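Engineer: One structure coming up, written as structure tokens, with questions to follow.
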Amino acid sequence: MAQYLALGAHGENLAADYLRTAGLDIIARNWRCRFGELDVIAREKQAELHLMQHSV
């Protein structure tokens with residue numbers, strides 16, 4: 001199980017690094033609410049991108 005958690009965390013970091021390199025600002029990571037979780041929330045100027053990544 002720890003192996004899958006590590007893989008998921010690595011995938012989230014890669015996704016966040018990619019978005020940051022593309023010029024977006026990461027405004028939240030692992031944001032949770034009663035409906036679930038968003039792994040990365042990023043902003044480009046006035047638009048927001050909500051991302052949920054899946055590592056395979």
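Taken together, the values in this text are just the output of simple stated rules run on the coordinates, not laboratory data. Here the structure is a predicted model, which is why all the values come from computation and not from measurement. Glycine also receives a Cβ, built like all others from the backbone with ideal geometry; neighbour counts cover every protein chain displayed.
Engineer: With N set to the residue count of the range 2-51, report its C-alpha Rg divided by 2.2 N^0.38 Å to two decimal places.
Structural biologist: 1.19
Engineer: If you place +1 on the Cβ of every Lys and Arg and -1 on the Cβ of every Asp and Glu, how big does the dipole about the Cα centre of the chain come out, in debye to the nearest 20?
Structural biologist: On the way: 6 positive and 7 negative charges, 27 e Å.
My answer is approximately 140 debye.
Engineer: Quick one: order 29, 34 by neighbouring beta-carbon count within 10 Å, fewest to most. Numbers along the way, then the final one.
Structural biologist: Numbers: 29 14, 34 4.
Least to most surrounded, the residues fall as 34, 29.
Engineer: Using alpha carbons only, how many degrees (0 to 90, rounded to 10) separate the axis of helix 2-21 from the longest principal axis of the chain?
Structural biologist: Once rounded, the angle reads 10 degrees.
Engineer: Right, something else. Calculated from DSSP H runs of 4 or more alone, at -39500 (n - 2.57) each and per residue, what is the 222 nm mean residue ellipticity of the chain, nearest 500?
Structural biologist: Result for the chain, helices only: -12500 deg cm²/dmol.
Engineer: Evaluate the relative contact order of the chain (contact order divided by residue number), counting alpha-carbon pairs under 8 angstrom at least 6 apart; express in whole percent.
Structural biologist: Here the relative contact order equals 29 percent.
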